[in-house]
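The values are calculated or read from the model by the stated rules, or taken from the named source; none is laboratory data. A quick note: this is a predicted structure, and the numbers were derived from the prediction, not measured. Cβ: placed from backbone, ideal geometry, glycine included. Neighbour counts: every protein chain shown. For accessibility, only protein heavy atoms count, side chains too; no ligands or nucleic acids. Shrake-Rupley method; radii C 1.70, N 1.55, O 1.52, S 1.80 Å.
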Amino acid sequence: MAEVKLSEGRDLTRIERIGAHSHIRGLGLDSSLEPRDVSQGMVGQTQARKAAGVILQMIQDGKIAGRAILLAGQPGTGKTAIAMGMAKSLGLETPFSMLSGSEIFSLEMSKTEALMQAFRKSIGVRIKEETEVIEGEVVEIQIDRPAASGAASKTGKMTLKTTDMETVYDLGTKMIEALGKEKVQSGDVIAIDKASGKITKLGRSFSRSRDYDAMGPQTKFVQCPDGELQKRKEVVHCVTLHEIDVINSRTQGFLALFTGDTGEIRAEVREQIDTKVAEWREEGKAEIVPGVLFIDEVHMLDIECFSFLNRALENEMAPILVVATNRGITAIRGTNYKSPHGIPIDLLDRLLIITTQPYSMDEIRKILDIRSQEEDVEMSEDAKQLLTKIGHETSLRYAIHLITAAALNCQKRKAKVVEVQDVTRVYSLFLDVRRSTQYLMEYQKEYMFNEASMVDGGEDDVDTMHE
């Protein structure tokens, strides 16, 4: 009988793709904002990280809004890594949105509208509201199922208790479905929102802790609630101003949030929302959380965008703007004038500038160690030294790209540890910028539309065409 081969299944509950900055977990600072040498995926750039840490502290304290920070440095010196570290350190409560300078020109809306939407995405509103909640430990659930299917709806009873009281509730069909969905059983501590009927499982009661063997190790035990079963609780919702704009701008605004087709939002809608949010703030129902807007490759913006940024930063509801660029003195897009970093002087004057320095050999080695660990590649000491030398002489990015390529070459020869020969092999297969440029200089006459051939052989080509 032929053997049946089962195809291997992979669990795809978690996205396992490794990005350029997936190893960054934070800024790697201690409690006194002093940068640790290697921490949370960050290596070196102590001054820049310390400066970013000070800004971070000011953001968390809610001290600054409408300020702008420029991260300036050579390519591959960790500008985006510092911005990612800031985003991770801020946590989920503070809005952080990223944008590339060139994105603004490819969207189906005006440049200023795209920037305004990015600004509004970076401002959070923490809305507080009181809701009535039934909270208690489930003593017993009885569900009466009809004898004939479809003859009648299911009915049932649920007994809930706190340390002070016990009550029996009648259950309808929807409630029975919700309890089944949450897999609620006797001994669970649950909370039911009276307005929406939403059931939240808080955990398992300590009185049932002796049943521990019958459940998974992830089971959370909680105390049986005390006092009344019915309580008033303050619930906090965190949304961004942009989400409020989208929901109020059209009839199916809520769906537009998911499709991403928000279109242009009228200024009147925004004004009304700002007025409403200001009212909520006065009443103590809401508070504004200024977030961070990070614009990478900021030199790609043009003079109109820079003028808009100047004005937008003066608004009282403005986020902290972090921009990054790797340009030196270059032309401002949309003009013939040159300026440092391709940013107009009046906007530069508003920026706090943080500079990043090129990495040393030791720092490159530490970064390559972290990346090898992140990409799950085992590498010999000699191979790491060679890769460090390559990174120092060419670029850090090129050296990082070679890690996975060398690991694949190592797999091909059925070895487990990447050796010098693997690194040498991929170094010869994939060129870095310098070797590629050298190759172009040698063979440029064979390429189309190159300047040298246009000068030397341009006339010959014309004669050939006429013939």
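If amide H atoms are built 1.01 Å from N in the plane of the peptide, which residues on other chains or at least 5 residues away come under 5 Å of the amide H of ALA286?
Sorted by chain and number, the residues that satisfy this are LYS128, ARG281.
If a/c stays under 1.5 just call it rounded; otherwise compare a/b with b/c (prolate if a/b is bigger, oblate if not). Do that for the range 224-383, with a ≥ b ≥ c from the square roots of the Cα gyration tensor eigenvalues.
oblate
With charges set only on the Cβ (+1 for Lys and Arg, -1 for Asp and Glu), what does the dipole of the range 270-393 come to about its Cα centre, in debye to the nearest 20?
I would put it at about 440 debye.
Hey, if we sort PHE96, PHE430 by accessible area with the 1.4 Å probe, largest down, what's the order?
My answer, sorted largest first, is PHE430, PHE96.
Using 18 Å as the Cα-Cα cut-off, could you pick out the over-long pairs in LYS121/LYS198; LYS174/LYS220; LYS154/LYS181; LYS174/LYS198?
In this structure, LYS121/LYS198; LYS174/LYS220 exceed 18 Å between Cα atoms.
For a protection proxy built on the mean count of beta-carbon atoms within 10 angstrom, sort 48-61, 409-422 highest first, please.
48-61, 409-422
How large is ³J(HN,Hα) for each residue in the range 102-113, as worked out from phi by the Karplus curve 6.51 cos²θ - 1.76 cosθ + 1.60 (θ = phi - 60°), to whole Hz, x for Gly and Pro?
7, 4, 4, 7, 9, 8, 7, 7, 5, 4, 5, 5
Under the rule a/c < 1.5 gives rounded, and otherwise a/b versus b/c splits prolate from oblate, where does the range 110-183 land using the Cα gyration tensor?
oblate
Taking amide H positions as placed in the peptide plane 1.01 Å from N, state which residues far from LEU202 in sequence (5 or more) or on other chains have amide H under 5 Å from it.
HN-HN under 5 Å from LEU202: VAL189, ILE190, ALA191.
Taking a probe of 1.4 angstrom, what is the accessible area of HIS341 in Å², to the nearest 10?
Answer for HIS341: close to 40 Å² accessible.
Under the Karplus relation 6.51 cos²θ - 1.76 cosθ + 1.60, θ = phi - 60°, what is the ordered set of whole-Hz ³J(HN,Hα) values for the range 303-314, x standing for Gly and Pro?
Here the 3J(HN,Hα) series is 4, 5, 5, 5, 4, 5, 4, 4, 6, 5, 5, 7 Hz.
Could you list which residues have their amide H under 5 Å from that of PHE96, counting only those 5 or more apart in sequence or on another chain, with H placed in the peptide plane?
VAL292
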